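The values are calculated or read from the model by the stated rules, or taken from the named source; none is laboratory data. Just so it is clear, the structure is predicted and the values come from calculations on it, not from any experiment. With ideal geometry, Cβ positions are generated from the backbone for all residues, glycine too; neighbour counts draw on all protein chains shown.
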Amino acid sequence: MTTTQATSTGAVAARIDSGTKTYGQGDTEVRALDGVTAEFESGRFTAIMGPSGSGKSTLLHCVAGLDVLSDGRVFIGDTELGALNDKDLTLLRREKVGFVFQAFNLIPTLTARENVLLPLLIAGDDHDEAWFDQVVGILGLEDRLTHRPSELSGGQQQRVAAARALVSRPAIVFADEPSGNLDSKSAAELLDFMRRAVKEFGQTIVMVTHDPVAASYSDRIVFLEDGKIVDELHDPTPDSVLDRMRQFGA
Amino acid sequence: MIRTALKTVFAHKLRLALTAMSVMMGVAFIAGTFIFTDTIDETFNDLFDDLFAGQDVIVQGETEIDVGFSGPPPMDAGVLDLVLAVPGVDAAEGSVGGLAIIYDKEGEAIVPTGPPTIGGSMTDDLRLAGNVELRDGRVPETATEVSIDAKTATDNNIVVGDVVKIQSPMEVAEYEVVSTIGFGESDNLAGATFAGFELATAQRLFDLEGQYSSIVVIAQEGTSPDLLRNSIASVLPEGVEAVTAADEADAQSEVLSESLGFLQTALLVFALVAVFVASFIIQNTFRIIVRQRQKELALMRAVGATGNQVVWMVVIEAIIVGAVASIIGIAFGFVIAQGLTSVLSAVGFDLPSTTAPLATRTIVVGFAVGMGVTVAAAVLPAIRAARIPPVAALQDVDVRLRMSDRRRTIIGSIVLVVGIALIVNGLFGDILDLGPLNELTAIGAGALMVFLAVSMLSSLIVKPFAQFLGWPLPSIDNLTGTLAIENSVRKPRRTATTASALMIGLALVAFFFILGDSIKASAGAAIEEGLRADYVINVDGFSGGFSPVLGNTLDEAPEIEATTSLRFGFWDRDGSDEFLMGIDSETVDQTIFLGVTAGSTEILGQGGVMVHEDIVDGEGWVVGETIPMGFATTGRQQVELVGTFTEAGVVQANFLIGMGFYEENFKGVGTDVDFVLAVKAAEGVPGETSRAVVEAAAADYANVTVRDQAEYRKSQEDQVNQLLVIFNALLILAVIIAVFGIANTLALSIFERTREIGLLRAVGMSRRQIKRMIRWEAIIVAIIGAVLGIVVGLFFGIVVTAALGAQGIDVLSIPAVQILGLVVFGAIAGLAAAMFPARRAAKLNILEAISYE
Ligand SMILES: Nc1ncnc2c1ncn2[C@@H]1O[C@H](COP(=O)(O)OP(=O)(O)O)[C@@H](O)[C@H]1O
Ligand SMILES: [Mg+2]
């Protein structure tokens, strides 16, 4: 069932190898991930789909270095995460990984600009002003930069989060239901931007979603069920996604 | 409802613990004060009961005037014959007592720093000696024999047969130790040293020849002490009274308890400061708790709970916290009592260490304060909680339950003005006359109001204040610094309250610094301007004096031009104790500049009293009129006001009398030894020579220190410093409570910001950076508290110093370094407070944190 063959010639930005994650013990044991093997190629937009509780978030967290596998291995680039201590993992997240969460993505006391630059501020690094302007420009946030998150709409907040995920040019961006809380127009704007980031800047993005429309922005969809990868779909459209989902009865 | 409240309490054990901690410490201080003073009280009670054991009636001089440091006046020895002639008397002996300092084998004076150095006559009939028992040897029989207490003997390797030097008011001489004595089970009298002489010798040594301090009587079998007292009283001459031994024991321990009452009040004031600080912390905690439970409480309202029920839920939680804190606090009081004993013994007050009794009063007051403060602090947040609309449960809104800034400004300003008015009126007292005690209370209340007002008003300026204080932070520590500043001003009110808790302790420390420094500067200036003598001889420590013979010896020396003795005493001025100094009026002009503005020191030598000009002006007295003075030995007298003076800095008294008049009125009360001796060297004698002469003469008086002007000044400063150490030690608890408050508030705030911290960690912030962010925040809050404290402390220090101008504190001195040091101290306190919350925040599990609701 597992699908390992690469459909692109590009390098692998991250991969998980026979990843298993269990919670609890004995009777109450839950296998959130059950021997998952997958690769996320550079410069591609991958979506992870599956019914609620199928392990999507767990997979994302483990690959992103926010959580540790019970068994198996995870690589970001050539680095195996299992070998890293908390300090190295923190550095890795800071330098190689970008995040967009479903909600509460921003630090309320910082301005939009500071939120965008957060990873660089944390690292104490200078930023590339041209790149910053470009990202902010595409996201239409120029005149929102001095605002605090509470003064931004939900869509704007998520776009700030997306800008933050991109501004440090991470090797890979993880997004967990980034459009889950947005109205359809804001969701479309955000997803469109994410696709452009992949197409125009070669960004690698892995996104968890249960929305077929959102998933259709991706290049490739990985389907999870009960902690296992059950299928894969390339160059999806909303219809083909819906088709596939019906097939699995999800 | 109680079950719900109980559940919330147990669901948040840590929060409960931290909240209870601040109340607990305040209660512990109060309980500790009571236990501490009760212990001393009981110790002395037992002591006096034992001292009079077996005795039935005491005959002693009668006094209508009851002032500090005074015993009954001595009586004529002939009274004993009258007493012995009374039917029913089995045995009776007269006795005398006074100062006696035993020297060890190296010639050093054995002087305990708190308890006195007592000398007395030994009775021939040991039945009359109370619980005194000979440990070995026999009673002294000749003028060169002595008994000493067993503790002094063992501590100093003195055994029966050894020869020791003893200083008494009349001489320093050698005596053979013929016995060591104990007092019941105890080897000494609550720390005092004791030297017992044969009666005639004692009378000579204490300058009481032909006199008795008291007569001890034992009744014949079958005669009741009360009846015997009556029969004895009927034969006594005027000025002599008979009391039963039991009454006398009670009376003496009563006197001691009263002097302890002052100590108790002083300690309770510090305890109340701690409780006051704790009340800030608790109020803050409950406010945060209610805020965090807004949704939950709204949900309860939505499902039908009434507003009153919500109030009760929060209040019951407060009652539980208060009760737990009170119980632990009272228990912890024993530790505090021990600590107080240590603080006092660290500065030289040795107190007997016995087990401390737990009085019902301690429990009642401890509970009342612990529960009262906690519940009072919870009521306002609870009432606000009840106002949360049920719909808040359904919406994700933050209901504003705060007082508006406008109201806050108005109320805060009113409280501030009233507080300042109370303080100023209390200090300068010319607007409203409240009486001396009420004035102190009013000043205290005014101070509390100022603290409250500053706390209320400071929330309005916390934001710019934090940004101002934190301006260098972003350049030191860019992101974490910025976040820390922002976090500290997120809830201005919370930050203001937390900072205010620290402010209170530090304001009082700053106040004492300023007052202390001003006293030192004033005393220093007074010594510089007023001391004409080259040397000052006095006793270190808190009690006693030294034999006047030293002064007489020095007067003989050709290298010495003049010596002036100063002896202190208390007298009754319109019902309250007033201090005076007896001075050698013939020499005082050579040794001390008094700034006499009317009359002269020669006139003072013939009798009368000289009074500080400010008091004379204040009372509207005129030189030549008589003023009423009450003395313990001689009763009420009309004393002529013979002069005024302006420089009280060296003599340290506003009322001066000549030495002749002093001896008339203070003979045999225990203070009639030299307290200070000012020595002026003769013209042309080199400093080294005169010093050597003085040192040589003083060598025999091992309890005194010879100091030149600079050294004397330094020793006066050291005394002030010692007091500062005590006060600051007593304030430490208030500061510790405030540090707990910062930690508690920080922990609760971090709890609120769990998701944010998770997010920061997810996007790459390291644990160290998280810790740093929280530490900076704590430091900012603490420094705000320190700066507020310094401002309030400056105000207190300046007005109080100004008000004490008449008491000779006429120089305002602000120790800038020490005061700025408080800012550094504040920063360190902040760091300490951040330790636990920072570690907790850094350890947050990222995934749990970001999915935290
Ligand atoms: N911290 C946890 N403890 C116990 N079980 C968990 C935990 N996190 C997730 N799970 C379980 O693991 C499974 C996968 O969860 P998740 O990855 O969140 O699914 P999805 O994101 O696809 O909805 C679920 O059954 C969930 O209950
Ligand atoms: Mg999920």
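Give the number of residues within the range A:40-97 that are in a strand (DSSP E or B), more than 16 Å from ligand 1 (Cβ to nearest atom) and not acidic (D, E).
Counting residues in the range A:40-97 that are in a strand (DSSP E or B), more than 16 Å from ligand 1 (Cβ to nearest atom) and not acidic (D, E) gives 7.
Go through the range A:20-45 and report how many residues are within 16 Å of ligand 2 (Cβ to nearest atom) and surrounded by 21 or more Cβ atoms within 10 Å (Cβ to Cβ).
Total satisfying the criteria: 4.
Okay, residues lined up against (1) in contact with a Gly (Cβ under 7 Å, 6 or more places away or on another chain); (2) farther than 30 Å from A:L106 by Cα; (3) among the hydroxyl-bearing types (S, T, Y):
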position: B:R768; (1), (2), (3): no, no, no
position: B:I779; (1), (2), (3): yes, no, no
position: B:L788; (1), (2), (3): no, yes, no
position: B:V792; (1), (2), (3): no, yes, no
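Working carefully through the options B:S179, B:S186, find the one that is farther than 20 Å from B:Y701 by Cα and surrounded by 20 or more Cβ atoms within 10 Å (Cβ to Cβ).
B:S179
In the same structural domain as B:A833 (by TED's automatic domain parsing) and assigned to a helix (DSSP H, G or I): does that describe B:F465?
yes
I'd like the full set of residues that are on the phi > 0 side of the Ramachandran plot and more than 8 Å from chain B (Cβ to nearest Cβ), limited to the range A:74-105.
A:G77
Being surrounded by fewer than 16 Cβ atoms within 10 Å (Cβ to Cβ) and either modelled with pLDDT of 80 or more or over 31 Å from the mean Cα position of the chain (by Cα) (or both) narrows it down to one of B:A466, B:A421, B:A442, so name that one.
Answer to the check: B:A421.
From (1) buried (at least 18 other Cβ atoms within 10 Å of the Cβ); (2) farther than 23 Å from A:L191 by Cβ; (3) within 16 Å of ligand 2 (Cβ to nearest atom), pick out the condition that doesn't hold for A:I16.
(3)
Considering only residues that are within 14 Å of chain A (Cβ to nearest Cβ) and assigned to a helix (DSSP H, G or I), which ones fall in the range B:766-781?
Selection gives B:R767, B:R768, B:Q769, B:I770, B:K771, B:R772, B:M773, B:I774, B:W776, B:E777, B:I780.
In the range B:668-765, which helices (runs of 4 or more DSSP H) lie fully inside it and hold 2 or more residues that are more than 14 Å from chain A (Cβ to nearest Cβ) and farther than 26 Å from B:G830 by Cβ?
It comes to B:687-698, B:709-752.
Out of the residues in the range A:51-81 meeting the condition of being among the acidic types (D, E) and in contact (Cβ under 8 Å) with a residue 40 or more places away in the chain, tell me which one is farthest from ligand 2 (Cβ to nearest atom).
A:D71
Find all pairs meeting these conditions: Cβ atoms under 9 angstrom apart; at least six residues apart or on different chains; first residue within the range A:20-37 and within 14 Å of another protein chain (Cβ to nearest Cβ) and in a strand (DSSP E or B); second residue aromatic (F, W, Y) and within 11 Å of ligand 1 (Cβ to nearest atom).
Close Cβ pairs (under 9 Å, with a partner that is aromatic (F, W, Y) and within 11 Å of ligand 1 (Cβ to nearest atom)) amount to A:A32/A:Y23.
For residues that are at the interface with another protein chain (Cβ under 10 Å from one of its Cβ atoms) and either touching a strand residue (DSSP E or B) at 6+ places or on another chain (Cβ under 6 Å) or of a type in the set (F, W, Y) (or both), tally how many sit in the range A:63-73.
Of the residues in that region, 1 qualify.
Take the residues in the range A:199-214 that are more than 14 Å from chain B (Cβ to nearest Cβ) and buried (at least 20 other Cβ atoms within 10 Å of the Cβ); name whichever of them is farthest from ligand 1 (Cβ to nearest atom).
A:Q203
Within the range A:126-160, how many residues turn out to be surrounded by 15 or more Cβ atoms within 10 Å (Cβ to Cβ), closer than 21 Å to A:K185 by Cα and of a type in the set (S, T, N, Q)?
3
Pairs, please: C-beta under 6 Å, at least 6 apart or cross-chain, first residue within 9 Å of chain B (Cβ to nearest Cβ) and in the range A:106-133, second hydroxyl-bearing (S, T, Y) and part of a helix (DSSP H, G or I)?
Short answer, once both residue conditions are applied: none.
More than 14 Å from every other protein chain (Cβ to nearest Cβ), away from ligand 2 (no atom under 16 Å from the Cβ) and closer than 18 Å to A:W131 by Cα: is that true of A:E189 in this structure?
no
With the condition being in contact (Cβ under 8 Å) with a residue 60 or more places away in the chain and crowded, with 19+ Cβ neighbours inside 10 Å, I'd like the strands (runs of 3 or more DSSP E) fully within the range B:559-661 carrying at least 3 qualifying residues.
B:560-573, B:576-583, B:655-658
Is it the case that the range B:448-455 has a residue that's within 14 Å of another protein chain (Cβ to nearest Cβ) and touching a helix residue (DSSP H, G or I) at 6+ places or on another chain (Cβ under 6 Å)?
So far as the range B:448-455 goes, no, none of its residues is within 14 Å of another protein chain (Cβ to nearest Cβ) and touching a helix residue (DSSP H, G or I) at 6+ places or on another chain (Cβ under 6 Å).
Looking at the structure I just gave you, is B:L831 more than 26 Å from B:L18 (Cβ to Cβ) and either surrounded by fewer than 16 Cβ atoms within 10 Å (Cβ to Cβ) or away from chain A (no Cβ under 14 Å) (or both)?
no
Examine the range A:99-109 for a residue that is within 16 Å of ligand 2 (Cβ to nearest atom), among the polar types (S, T, N, Q), assigned to a loop (DSSP other than H, G, I, E, B) and closer than 14 Å to A:A161 by Cα, and state whether such a residue exists.
yes
Sort out for me the helices (runs of 4 or more DSSP H) sitting completely within the range B:134-248 that have 3 or more residues that are touching a residue at least 60 places away in the same chain (Cβ under 8 Å) and touching an Asp or Glu at 6+ places or on another chain (Cβ under 9 Å).
Once the helices (runs of 4 or more DSSP H) in the range B:134-248 are filtered for at least 3 residues that are touching a residue at least 60 places away in the same chain (Cβ under 8 Å) and touching an Asp or Glu at 6+ places or on another chain (Cβ under 9 Å), what remains is B:199-205, B:225-235.
For the range A:169-187, give me each residue that is of a type in the set (A, V, I, L, M, F, W, C) and within 16 Å of ligand 1 (Cβ to nearest atom).
Scanning the range A:169-187 gives A:F174, A:A175.
Pairs under 8 Å by beta carbon, first residue within 16 Å of ligand 2 (Cβ to nearest atom) in the range A:194-213, partner among the basic types (K, R), six or more apart or different chains?
Close Cβ pairs satisfying both conditions: A:V208/A:K56; A:H210/A:K56.
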